[in-house]
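Okay, so here's the structure we're looking at.
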Amino acid sequence: MKLVFLGTGAGMPSKGRNVTSIALQLLEERGVTWLFDCGEATQHQILHTPIRPRRIEKIFITHCHGDHIFGLPGLLSSRTFLGGEDLLTIYGPKGIKEYVETSFRISGTYLKYPIKYIETTEGIIFEDDQFIVQAIELEHGIQSFGYQVIEKDLPGELNVEELKKIDVKPGPVYKFLKEGKTVTLEDGRVLNGKDFIGTSKKGRKIAIAGDTRITNKSNLLARGMDLVVHESTFADDESTHAYDYYHTTSTQIANVAKSEEIQTLYLTHISARYQGDSSIKLLNEAREIFENTYIANDFDEYEIKRKE
């Protein structure tokens, strides 16, 4: 499970930062990539990474401002030329389907794979045996969401060596014990699978926010998460400007991270006024409140490890 930051700027591209897009690579977990937002030139950014567009399984759009969606038609079109044939699901606010399909209709674009559109509403929007994705509506003038990606706990490993010690040979019985079932052996012994299963591994939990003012929903989004990726468009001395334009400052989100006791905070969606080294101002302000803060730069990668 690894994050790849494809674009970390706000509003428009700058020399140092492209507009917003974040890839969550789940190659070991399910052999796919999930994409969060798709600003202009996202497919160009992907060319500089190992990400394969045909492996993008889901795209989660936080909101429909241009710096978060203008790269969608191009990327989706190129996915056809790059061998993409499998279903791709797009989650996003009302209007995202109309935007993509209008772009395709006017440009005469045809895809060789199906797209499924799911209109994002607050609550659980996806669940299978591995992951839950939950959406929380934020405050940005237009409908905007944050997404929590929650990996379900992994069951402990079957203690094969212990079974061999008591002369239980490999076979179908191992499967039943692994499932935690009680098994009666041919010699009459009764074994409870729970006695031979190690400690379960805690699933990882991350949150990726769309653009937003700081509200109590920001705390709700961060609550229980290991990692939060959140916009930090402005420095602390621009808090009035941030409020007026429905954005967040470095200190505001750092206070949320501290109060919710998360592990790691990543700042992204950085205003073009903080070019180059001047973005360190945002990082230093946040670290005074929440030490384990990082500022995302284009092409940064972050591996999300399980707790021991």
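The values are calculated or read from the model by the stated rules, or taken from the named source; none is laboratory data. This one's a predicted model, so the numbers in the text were calculated from it and none came from an experiment. Here Cβ is always computed from backbone atoms with ideal geometry, including for glycine, and neighbour counts include all displayed protein chains. Keep in mind that these areas ignore ligands, DNA and RNA; they rest on the heavy atoms of the full protein, side chains included. Shrake-Rupley method; radii C 1.70, N 1.55, O 1.52, S 1.80 Å.
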Exercise for review: Assess whether Ile22 counts as being out of contact with any Cys (no Cβ under 7 Å at 6 or more places or on another chain) and β-branched (Val, Ile, Thr).
Suggested key: yes
Exercise for review: Taking the residues in the stretch 157-190 that are in a loop (DSSP other than H, G, I, E, B) and β-branched (Val, Ile, Thr) as candidates, determine which candidate is surrounded by the most Cβ atoms within 10 Å (Cβ to Cβ).
Suggested key: Val168
Check your understanding: Do you know which of the residues in the stretch 210-269 that are free of Cβ contacts under 8 Å to residues at least 60 places away in the same chain and acidic (Asp, Glu) is surrounded by the most Cβ atoms within 10 Å (Cβ to Cβ)?
Key -> Glu260
Point to revise | Residues (among the β-branched types (Val, Ile, Thr) and either loosely packed, with under 15 Cβ neighbours inside 10 Å or in a loop (DSSP other than H, G, I, E, B) (or both)) located in the stretch 46-64 | key: Thr49, Ile51, Ile61, Thr62
Revision key, fill the gap. Restricting the stretch 272-308 to residues that are assigned to a strand (DSSP E or B) and open to solvent by 80 Å² or more (accessible area, probe 1.4 Å), the one nearest to Gly156 (Cα to Cα) turns out to be Glu303
Practice item. Would you check which residues across the stretch 19-44 are crowded, with 24+ Cβ neighbours inside 10 Å, out of contact with any Asp or Glu (no Cβ under 6 Å at 6 or more places or on another chain) and outside any strand (DSSP E or B) and list them? Key: Asp37, Cys38, Thr42
Point to revise | Identity of the residue in the stretch 80-114, touching a residue at least 12 places away in the same chain (Cβ under 8 Å), in a helix (DSSP H, G or I) and not aromatic (Phe, Trp, Tyr), that ends up nearest to Asp37 (Cα to Cα) | key: Ile96
Exercise for review: From Ile136, Ile125, grab the single residue that is surrounded by 12 or more Cβ atoms within 10 Å (Cβ to Cβ), touching a Gly at 6+ places or on another chain (Cβ under 8 Å), touching a residue at least 24 places away in the same chain (Cβ under 8 Å) and under 21 Å from His65 (Cβ atoms).
Suggested key: Ile136
